[in-house]
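For reference, the structure discussed in these notes is given below.
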Amino acid sequence: MNGLGLSIASTDRYVAWLERMFLVVPDSMETFREWRSLIVQHNVIGAKVHDARLVATMKVHRIEQILTFNMQDFSRYQGVVSVHPDTVR
């Protein structure tokens with residue numbers, strides 16, 4: 001879990017909780033096409049392609065906000081609002 005040092009069992013419980021708290025959306029060919037378009041449009045390379053995949057999924061499912069520790073990673077994408085976990089109560 002991103003270096004949080006949780007055991008597999010703790011991570012599994014945490015993810016189960018997250019699944020109850022957040023909408024889990026499916027992947028699709030439409031998401032792939034949007035992802036590919038974002039990669040080209042924003043010249044995305046390296047590990048940042050994973051962030052682009054999240055943004056593609058968000059765009060396809062009309063999700064505007066993402067909860068992230070790395071807010072700067074999403075600043076290049078218009079229409080995406082990054083929310084830091086410390087700001088959520």
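FYI, it's all coordinate maths here, none of it is from the lab. Since this is a predicted model, take the numbers as computed values, not measurements. Counting neighbours? That spans all protein chains shown, and the Cβs are built from the backbone with ideal geometry, glycine included.
Some observations on this one:
- The helices (runs of 4 or more DSSP H) located wholly in the chain that include 2 or more residues which are surrounded by 10 or more Cβ atoms within 10 Å (Cβ to Cβ) and among the polar types (S, T, N, Q) occupy 8-21, 29-41.
- Residue within region 2-20 that is touching a residue at least 24 places away in the same chain (Cβ under 8 Å) and of a type in the set (D, E, K, R) present: no
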